[in-house]
1. Assuming residue 111 fulfils every condition listed in (1) at pLDDT 95 or above; (2) surrounded by 13 or more Cβ atoms within 10 Å (Cβ to Cβ) apart from one, which condition is it?
2. Would you mention how many residues in segment 1-41 are in contact (Cβ under 8 Å) with a residue 40 or more places away in the chain, under 19 Å from residue 96 (Cα atoms) and not in a strand (DSSP E or B)?
3. Within segment 59-91, work out how many residues are crowded, with 17+ Cβ neighbours inside 10 Å and part of a strand (DSSP E or B).
């Protein structure tokens with residue numbers, strides 16, 4: 001299985017997925033015109049990864065804007081990680097937000113309510129000083 005590295009654009013986030021290391025990172029602004037077309041190949045790669053996952057998987061979400069259709073697709077993606085956690089694999093989900101960005105902080109809390117994974121909500125300033 002190959003890594004995925006999609007550069008960010010004005011409307012879509014940067015996506016980096018390294019299945020060998022068990023790392024998925026989505027960062028930037030997520031409001032692609034074709035949300036399904038953007039996220040479905042990533043979801044397919046995650047489905048393949050979950051057939052033989054690493055013992056520990058890290059998901060880092062560093063979004064500064066996300067629309068509702070992107071939220072739905074990312075939640076769909078996360079459901080595949082929920083399945084492997086139920087099978088005994090360790091899945092770490094980190095939601096990063098910029099200091100003073102109350103909207104993305106609230107999105108992180110909402111995301112925590114919508115997923116079965118424990119979401120670690122972290123200020124970017126705490127991590128990247």
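The values are calculated or read from the model by the stated rules, or taken from the named source; none is laboratory data. Just so it is clear, the model here is predicted, and its values are computed rather than measured. Here Cβ is always computed from backbone atoms with ideal geometry, including for glycine, and neighbour counts include all displayed protein chains.
1. So residue 111 meets the others, but not (1).
2. 1
3. Of the residues in that region, 7 qualify.
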